[in-house]
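Let me begin by presenting the structure, written as structure tokens, before commenting on it.
Bear in mind that the values in this text are calculations on the coordinates, not laboratory data. Keep in mind that what you see is a predicted model, and the values were worked out from it rather than measured. Positions of Cβ are generated from backbone atoms using ideal geometry, with glycine treated the same way; all protein chains shown enter the neighbour counts.
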Amino acid sequence: MTSPSAQIPRRHDLDALRAMAMLLGIVLHGLISFMPGAGVFWGVQDIHTSPAFGVLMAAIHGWRMPLFFLVSGFFTAMLWRKRGLKALVWHRFRRILVPMLLGMLTIIPATWMVVAHTRSATTQVFTVPSSSLDIWGAAAFNDVEALRRNLGEGANIDGLNPDGSAPLHIAAFFGRADVARELLEAGADARVRNAQGQTARELMQYDWKLTKYFADMFHIPVEKAAVEAGREEIALLLPVGDVDASTNLHTEVSSGNKFGKALQELIAGLMFIQVFGHLWFLWFLCWLVAGFTLLMKVGQWTSFPSLPRAWIVSPWRYLWLIPLTAIPQFFMGRSTNTFGPDTSLGLLPIPTVLMYYSIFFLYGAMYFDAQDTKCDAGRGWWWVVPLAVLVVFPVALSIKPHGDGGLKLLSAFLQVSYAWLMTFGLMGLFHRFCSSENGTMRYVSDSSYWLYLAHIPLIMYVQHWVHDWQVSAWIKFPLVCVVTSVILLASYQLCVRYTPIGVLLNGPRRREVVIRPVPAEC
């Protein structure tokens with residue numbers, strides 16, 4: 001990539017594909033309230049749930065955002081080619097960073113208000129069915145029976161969840177003495193550290209304010225006196241040997257270097273304290289565009305070796321894309337109940353998550369330079385998509401890796417294989433049916449950005465509206481998605497498309513002027 005050029009045709013199929021990935025976000029969030037135990041992390045829990053919704057969520061989540069970032073990389077490279085680097089940065093500033101900041105001031109607070117309203121309007125006390133709790137949920141809710149069930153089913157007693165905590169860490173943090181006793185008697189290792197390098201004993205030093213913050217975030221009922229009493233009891237249960245030589249060394253270094261410890265805690269807080277909500281992808285795009293700009297600047301001074309076109313569009317691409325992407329995937333999904341890439345909602349992106357999406361983004365940029373106008377990368381879509389959905393996904397979902405051994409490596413390879421197969425298969429499918437310009441599809445593509453940005457508060461409210469209906473979840477779920485989409489489409493047409501908001505999101509759009517013939521004078 002060396003110079004801009006204006007003679008570049010538009011890829012209408014990738015426009016439509018990006019819009020589809022956006023709109024599927026509404027479907028993804030629409031099904032959450034119907035998943036067992038979703039009320040722990042979501043604002044609404046329906047009275048009718050099914051594990052099948054969790055499978056559907058995994059099937060979509062496993063490829064949706066990877067595909068989105070690939071297409072974003074493609075259009076980033078295209079914009080740079082057409083207008084140059086400065087124009088690219090200014091364009092992304094207006095279309096990505098500014099909407100994100102405005103969303104942080106409007107949509108995210110609206111989401112908080114809706115969650116507060118749905119919680120206060122629910123007459124029943126929030127509970128989570130014991131049968132729906134995993135081993136970490138059992139520790140958080142002090143459910144000994146659920147803990148025993150998970151252990152009996154082979155759950156990893158020292159396994160870390162996506163936030164990097166083992167069951168004993170959670171029990172110690174929330175003062176769940178009964179669960180901690182059960183875990184220790186079952187052989188839990190008190191020396192295991194979480195993602196921030198802390199043991200269970202160290203987690204009990206956090207004050208009540210921070211404990212209450214995390215409890216409220218995940219809707220976990222806690223009382224200050226019970227937490228403090230539970231922590232005192234757990235401190236007596238933990239073996240004296242839980243502070244081993246490495247722990248002593250860690251303590252000495254930390255006590256001798258308070259600045260280093262404070263910096264470590266600050267970085268952990270910036271990574272794991274949720275800030276952006278569903279707008280996290282815009283923050284990631286800012287990082288990726290900044291990285292792309294830096295690479296292009298460096299490329300002006302040096303000569304980057306480029307991959308042969310065959311390694312980008314032919315099946316040979318799988319030989320390097322899958323192993324490369326499996327590296328960050330291997331260090332994600334530490335819970336046996338997660339599938340696909342992790343989500344990073346903090347101000348500082350989690351490195352493995354950023355690396356994962358960077359691969360898709362940079363491949364998209366390279367794919368643009370491959371000039372694959374015939375979409376050779378999507379050839380065979382008619383068998384690639386069924387292979388991914390009917391073979392690779394079920395096998396990958398069935399693997400429950402424990403620890404960091406070969407089974408986890410196999411799981412990582414299968415998960416990224418599913419992501420890449422679905423990505424290329426859908427590229428071929430959309431090239432086959434959406435490669436020409438279409439007014440309706442263009443309208444859907446324009447509106448999809450607004451629909452995704454604004455949908456969370458509304459979809460939660462609609463979910464709450466139907467949550468206690470004595471109707472099948474499989475009827476309520478599509479109803480939630482349709483009602484939300486119709487209202488948002490109306491708001492786009494009436495309040496966004498031809499307003500400054502629409503200009504900010506998609507550029508100026510002109511109203512269609514209908515010219516009526518003037519009747520001839522008699």
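Summary table below
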read-out	value
Of all residues in region 382-403 being surrounded by fewer than 22 Cβ atoms within 10 Å (Cβ to Cβ) and in contact (Cβ under 8 Å) with a residue 60 or more places away in the chain, the one that is nearest to Ala58 (Cα to Cα)	Leu397
All positions within region 10-43 that are more than 16 Å from the chain's Cα centre (by Cα), part of a helix (DSSP H, G or I) and aliphatic (A, V, I, L, M)	Leu14, Ala16, Leu17, Ala19, Met20, Val40
Index of the failed condition, Ser436 passing every other in (1) small (Gly, Ala, Ser); (2) in a helix (DSSP H, G or I); (3) more than 21 Å from the chain's Cα centre (by Cα)	(2)
Of all residues making up region 155-188, the number that are under 22 Å from Phe339 (Cβ atoms) and outside any loop (DSSP other than H, G, I, E, B)	2
Qualifying positions in region 273-314 - surrounded by fewer than 19 Cβ atoms within 10 Å (Cβ to Cβ), outside any helix (DSSP H, G or I) and of a type in the set (A, V, I, L, M, F, W, C)	Ile273, Val275, Phe304, Leu307
For Arg92: the one exception among (1) out of contact with any Leu (no Cβ under 9 Å at 6 or more places or on another chain); (2) of a type in the set (D, E, K, R); (3) touching a residue at least 60 places away in the same chain (Cβ under 8 Å)	(1)
Positions within region 320-341 being within 14 Å of the chain's Cα centre (by Cα) and surrounded by 19 or more Cβ atoms within 10 Å (Cβ to Cβ), in sequence order	Gln329, Met332, Gly333, Phe339, Gly340, Pro341
Per-region count, region 411-424, residues surrounded by fewer than 24 Cβ atoms within 10 Å (Cβ to Cβ) and closer than 14 Å to Met20 by Cβ	0
Pair list, Cβ under 7 Å, 6 or more apart: region 174-202 residue over 17 Å from Ala235 (Cβ atoms), other residue of a type in the set (Asp, Glu) and assigned to a helix (DSSP H, G or I)	none
Test for Thr343: is it among the hydroxyl-bearing types (Ser, Thr, Tyr) and within 29 Å of Gly378 (Cα to Cα)	yes
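For every residue, the table says whether it meets (1) over 26 Å from the mean Cα position of the chain (by Cα); (2) assigned to a helix (DSSP H, G or I).
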residue: His464; (1), (2): no, yes
residue: Trp469; (1), (2): yes, no
residue: Phe477; (1), (2): no, yes
residue: Leu489; (1), (2): no, yes
residue: Leu494; (1), (2): yes, yes
